[in-house]
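First up is the structure itself, then whatever we jot down about it.
The values are calculated or read from the model by the stated rules, or taken from the named source; none is laboratory data. All values reported here derive from a predicted model rather than from experimental measurement. Don't worry about glycine lacking a Cβ; one is built from the backbone with ideal geometry, like all the others, and counts go over all protein chains shown.
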Amino acid sequence: MHMEYSMTANEELAFRAEVAAWMAANLAGEFACLKHRGGPGDEEAFPELRKAWERRLAEGGWTALGWPQALGGRDLPLMQQVIFHEEYARAGGPGRMGHIGEGLIGPTLIAFGTDDQKARLLPGIRAGTTFWCQGYSEPGAGSDLANVRTRAVRDAASGDWLVSGQKVWTSLAHDSDWTFVLARSEPGSHGNKGLIFLMLPLDQPGVEIRPIRQMGGGAEFNEVFFDGARAAAADVIGEPGDGWRIAMALLGFERGISTLGQQMQFTHELEWVAETARANGASRDAVVRHRIARAWAGLRVMRANALRMLACSAQADHDGGTALQREALIYKYYWSNWHRDLGQLALDVLGPLANVLDGGDTRRTRLQQMALFSRADTIYAGTNEIQLNIIAERGLGMPREARGQS
């Protein structure tokens, strides 16, 4: 990744205008219905049209912005990538069906994959034609990821790996082509030892995907069951036993530039709350005004830390480091609690109507969906308690919490 972090004011304005103009011209016609759709809590919206949108993005040169040019990317400087994600969200760009591929497994392949893996798997991600999901969490290994029990056994005849076990809370598995899986390859191993990082196609015998219906009515999450599903020997990233290192590096990519787009979506949601408060008179309450102001200030803090986090990440890349920086360690805890509080504020502003569904794609429906889904923000991808442990142990060097062997 380029280290250039600053642009002149004119260069920044010109690039923002370029992105905004492309979005205005393309997020129209058949794609107009995708504006502000497909985000968390709404990921079931228009899946096939959003896949077509990924192809449109690729045709316009707006995928793989930070990837090396030799691997099909644009190798844009950091600040231009930041601007794209902000302007994409500002224009109401839909939730990215290709996020897991482009933002997580793609950079992991670039950093750790073989030449063969890069040649076979990166082009489909970049082109918006191949879609991925993440096989990490299990019923007994959600926040405690090192407790995975899904097994991978080597097939002596072919050298392939046969995978058996269960993954859960797998976003968009039913709309994906491939998954990457953290599994236990060394019998009798415990914790983060003896793990393997595998990639495997979902359309094969031995894979069953079952939707999980949520209280908001959607089913964007799934359970995925593996019963002897096959991962080719050539589709292991790293070496057997090296899975934990690869998995942690991938989580580092998760706290990347797209966080600025997430924050722009948060800005839209806060604006919806403020507009609703003005429209229904809730803004006359001084406490409500104070809470809206605190939410706005919280967003500014979030953006400042995200930019600091990205600058530190770019410096670490330049220096050859892979460990998560302190700025990244606090990010998930901060945004998830901020967003949960915004969800509660939305319900309070809506008042009694918060409990009444009208069934339409209205502002009230969107705020209700946001409020319901935000309750999960402090649970998935590591609960608050796990996040605080990570901050204490990895960021502050405090003694590790006592852990038993599973």
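All conditions in (1) within 26 Å of LEU121 (Cβ to Cβ); (2) surrounded by 19 or more Cβ atoms within 10 Å (Cβ to Cβ) hold for ARG56, with the sole exception of (2). Of the residues making up segment 187-209, those that are surrounded by 15 or more Cβ atoms within 10 Å (Cβ to Cβ) and either in contact with a Cys (Cβ under 7 Å, 6 or more places away or on another chain) or at negative phi (or both) are ASN192, LEU195, ILE196, PHE197, LEU198, MET199, LEU200, PRO201, LEU202, VAL207, ILE209. Residues in segment 354-377 that are more than 26 Å from VAL301 (Cα to Cα) and free of Cβ contacts under 8 Å to residues at least 24 places away in the same chain: ALA354, ASN355, VAL356, LEU357, ASP358, GLY359, GLY360, ASP361, THR362, THR365. The residue of segment 281-303 that is modelled with the highest pLDDT, among those that are under 22 Å from the mean Cα position of the chain (by Cα) and not hydrophobic (A, V, I, L, M, F, W, C), is GLY298. I want to confirm something. Restricting to segment 358-393 and keeping residues that are at pLDDT below 85 and more than 22 Å from the chain's Cα centre (by Cα), which single residue is farthest from ALA45 (Cα to Cα)? Among them, the one singled out is ASP358.
If we keep just the residues of segment 4-26 that are in contact with a helix residue (DSSP H, G or I) (Cβ under 7 Å, 6 or more places away or on another chain) and modelled with pLDDT of 95 or more, which is farthest from GLY66 (Cα to Cα)?
Initially, segment 4-26 is screened for residues in contact with a helix residue (DSSP H, G or I) (Cβ under 7 Å, 6 or more places away or on another chain), giving 4-7, 12, 15-16, 19-20, 23, 26.
Applying the additional criterion that residues be modelled with pLDDT of 95 or more yields 15-16, 19-20, 23, 26.
Working: PHE15: 15, ARG16: 17, VAL19: 16, ALA20: 19, MET23: 19, ASN26: 22 Å.
The selected residue is ASN26.
Select from segment 233-280 the residues that are among the hydrophobic types (A, V, I, L, M, F, W, C) and outside any helix (DSSP H, G or I) and write down the one among them that is surrounded by the most Cβ atoms within 10 Å (Cβ to Cβ). Step by step, filter segment 233-280, then rank; the result is ILE257.
Count of segment 268-294 residues, restricted to those that are in contact (Cβ under 8 Å) with a residue 40 or more places away in the chain and closer than 30 Å to LEU307 by Cβ, is 11. Is segment 118-132 home to any residue that is more than 23 Å from GLU208 (Cβ to Cβ) and touching a strand residue (DSSP E or B) at 6+ places or on another chain (Cβ under 8 Å)? Yes - at least one qualifying residue is present in segment 118-132.
Residue-by-condition table, conditions (1) assigned by TED's automatic domain parsing to the domain that holds ARG90; (2) more than 30 Å from GLY360 (Cβ to Cβ); (3) surrounded by fewer than 17 Cβ atoms within 10 Å (Cβ to Cβ):
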| position | (1), (2), (3) |
| --- | --- |
| PHE15 | yes, yes, no |
| VAL19 | yes, yes, no |
| MET23 | yes, no, no |
| ALA28 | yes, no, yes |
| PHE31 | yes, no, no |
| LYS35 | yes, no, yes |
| PRO40 | yes, no, no |
| GLU44 | yes, no, no |
| PRO47 | yes, no, yes |
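Please indicate, with yes or no, whether at least one residue in segment 62-75 is in a helix (DSSP H, G or I), free of Cβ contacts under 8 Å to residues at least 24 places away in the same chain and more than 18 Å from ALA89 (Cα to Cα). Yes, the conditions are met somewhere in segment 62-75. Of all the criteria given as (1) over 21 Å from VAL349 (Cβ atoms); (2) among the hydroxyl-bearing types (Ser, Thr, Tyr); (3) at pLDDT 80 or above, the one not satisfied by SER258 is (3). Scanning segment 49-78 for residues that are among the aliphatic types (A, V, I, L, M) and either under 22 Å from ARG37 (Cα atoms) or out of contact with any helix residue (DSSP H, G or I) (no Cβ under 7 Å at 6 or more places or on another chain) (or both) yields LEU49, ALA52, LEU57, ALA58, ALA64, ALA70, LEU76. Counting only strands (runs of 3 or more DSSP E) that sit wholly inside segment 179-232, those with at least 1 residues that are modelled with pLDDT under 95 and assigned by TED's automatic domain parsing to the domain that holds LEU162 are 207-212, 221-231. Look at GLY101 and say whether it is surrounded by 23 or more Cβ atoms within 10 Å (Cβ to Cβ), out of contact with any Leu (no Cβ under 7 Å at 6 or more places or on another chain) and assigned to a helix (DSSP H, G or I). Yes: the conditions hold for GLY101. GLU44 meets the conditions (1) assigned to a helix (DSSP H, G or I); (2) at pLDDT below 95; (3) within 26 Å of THR378 (Cβ to Cβ) in every case but one. The failed one is (1).
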